[in-house]
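Structure, as structure tokens:
What follows draws every value from the coordinates through simple rules; no lab data is involved. Just so we're clear, the structure is a prediction, and the values are computed from it rather than from any experiment. Don't worry about glycine lacking a Cβ; one is built from the backbone with ideal geometry, like all the others, and counts go over all protein chains shown.
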Amino acid sequence: MERKEFLKRTFSALGIAAISPMVGACTTTDTVEPDATTGTTTGSCTTTSDETDGPFPTKSPASLVATDIRSDRQGTPLTVKITVQNKNASCAALAGALVDIWHCDAAGNYSEYGGTGMQSTNFQSVHFLRGRQTTDATGLVTFTSIYPGWYSGRAVHIHVHVYNSSGKSLKISQIAFPEDISKVVFAQGVYASHGQADTTNARDNVFSDGVTTNISTITGSTAAGYVLTWNMVVEA
Amino acid sequence: MQKGIIKLGYRKIIDASTHNAWDQFVFNDTHLEFYMQAQRLDPAGKFPTFRLLKEHVAGADQLHYLTSTAAIGYIRQLNDLIPDVANRFGKRCLPFQQFRFEIIDSHIQDKSQHKISIWFYSDPVTWIDTVENNLLIACGDKTAELPTGDELQTDLIPLSPFLSITHFSPSERSIKP
């Protein structure tokens, strides 16, 4: 090879290397440049240079923050509409409150929440049927979910936890369901194999003191899905 | 030692002394989530620390998972590369999808007592050799390619505190006589 040609090729190769250095041998997705800081040598070892946590981190809401909380769960569609009122402000709508809900699936199971088990970055179904929303100016939050199933010893219910915007707990409660509608739902679809609930609202440990403030209003049908509305009064 | 397919584990501890942006997001948001979730298990606030909750309240172990929900968005922002662990070029290069989240201890009001750790488990990599204090690796299972003499793209990972080999399986080649 001519010296001139050799130099040309060499510079060309260096140019390419400068544009796409082969530093991320495992993957090339990490394109953030390292900090200018270089390692400092101490004794026989070298301190690892600071590395940007690229891409630059941005404020990220908890994975619980979701409107559609169904994930991979099958069941009769249920829209959950909860309105939060403030008893300390003449029952006015409470805006900006955080509302957590969680309930079991058609078979009566909650999403896993025990211990420090292995989780996966691309596997979200462990988070099924749990969600968090912030109330709007009318105190309303809306979730897209499925009609809850039931498990032995408990009447059908949805758990609700309301916090103020700082995360301070205002009220923990449960939504009860009209039994005539649950009977219709549990006779069909993915619910049928599990049968009818074994505990009525009257015999339930939680609701046995009366369900007046817990019972929800439900409209709709198994074909069209149901809409649940419920008012929750807190002291904020 | 016999080489093979390994998974590397990195345990990242985040507490009040943390300084970079990612760590601080995780620190602040997981503390808020811990405080929010702990109030359900202990509405009266009789047990302000995680240790006390574990001793006195059934189901306190749920708090690991429930608190992790505040970290998952940030863990996804890592783009499937283990944080902090860099190759000899100073670049993050270890792919991961599996992690475990653990509350070491926390206090519902005193954030300075909040301390968590996240274990990041790498996808399988082929451990080719050890060069001084570094592991020479290639991503994925390259045991079929090694005997062919083909050139492999590699990385050199310095062994460092909190980085360990968590899984091992001998390569097809090395178990043959």
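Points 7 angstrom from Cα along the Cβ direction at A:TYR110 and B:GLN109: gap in nanometres?
2.8
Just want the answer: with Cβ charges of +1 for Lys and Arg and -1 for Asp and Glu, which residue in B:THR148, B:PRO161, B:GLY90 is farthest toward the dipole's positive end in the stretch B:4-175?
B:PRO161
Where nothing but the Cβ of Lys and Arg (+1) and of Asp and Glu (-1) is charged, how large is the charge dipole of chain B around its Cα centre, in debye to the nearest 20?
Roughly 240 debye for chain B.
For a footprinting-style exposure proxy, rank B:PHE34, B:PHE27 by other Cβ within 10 Å, fewest first.
The order, fewest Cβ neighbours first, is B:PHE27, B:PHE34.
Using a cut-off of 23 Å between alpha-carbon atoms, which lysines can reach A:LYS81, once sequence neighbours fewer than 8 places away in the same chain are excluded?
A:LYS168, A:LYS171, A:LYS183
Using the reciprocal of the averaged 1/r over all distinct C-alpha pairs, how large is the Kirkwood radius of the stretch B:4-175 in Å?
So the Kirkwood estimate lands at 17.8 Å.
When A:ILE158, A:ILE175, B:ILE137 are ordered from fewest to most other Cβ atoms inside 10 Å of their Cβ, what list results?
Ranked by crowding around the Cβ, least crowded first: A:ILE175, A:ILE158, B:ILE137.
According to the Cα gyration tensor, what semi-axes, each the square root of 5 times an eigenvalue, does the equivalent ellipsoid of the stretch B:1-86 have, listed from largest to smallest in whole Å?
Taking √(5λ) for each Cα gyration eigenvalue gives 30, 17, 12 Å.
Could you give the nm distance between label points at A:SER166 and B:HIS19, where each point is 7 Å from its Cα heading toward the beta carbon?
3.0
Express in nm, to one decimal, how much length is gained between B:ASP150 and B:ILE165 on full extension, taking 0.36 nm for each residue of separation and deducting their alpha carbon distance.
Length gained, B:ASP150 through B:ILE165: 2.8 nm.
Sort B:GLU55, B:GLU145 by Cβ crowding within 10 Å, fewest neighbours at the top.
Placing the least packed residue first, the sequence is B:GLU55, B:GLU145.
Over all residues in B:31-43, what is the mean tally of Cβ atoms on other chains that come within 10 Å of each residue's Cβ?
If you average over the peptide's residues, the count of other-chain Cβ atoms is 4.
So what is the relative contact order for chain B, in percent, with contacts set as C-alpha pairs under 8 Å and at least six apart?
Worked out over chain B, it gives 33 percent.
Averaged over A:132-145, how many beta carbons belonging to a partner chain fall within 10 Å of each residue's beta carbon?
Shielding by partners across A:132-145 averages 0.
Hey, which of these cross-link pairs are over 31 Å Cα-Cα: B:LYS3/B:LYS115; B:LYS12/B:LYS142; A:LYS87/B:LYS115?
B:LYS3/B:LYS115; A:LYS87/B:LYS115
Mind giving me the nanometre distance, one decimal, between the label points for A:THR134 and A:ALA223, set 7 Å out from Cα along Cα→Cβ?
4.1
What FRET efficiency comes out for the pair A:CYS91/A:LYS183, r = Cβ-Cβ distance, R0 = 41 Å, nearest 0.05?
E(calc), rounded to 0.05, equals 0.80.
What share of the DSSP beta bridges in the stretch B:4-175 is antiparallel, in percent to the nearest 5?
DSSP beta bridges in the stretch B:4-175 are roughly 95 percent antiparallel.
Any idea what the dipole of the stretch A:164-236 comes to, in debye rounded to 20, about its Cα centre with Lys/Arg Cβ at +1 and Asp/Glu Cβ at -1?
180
Excluding B:HIS56 itself, calculate the net charge of residues whose Cβ lies under 10 Å from the Cβ of B:HIS56, where each Lys or Arg counts +1 and each Asp or Glu counts -1.
With Lys, Arg at +1 and Asp, Glu at -1, the net is +1.
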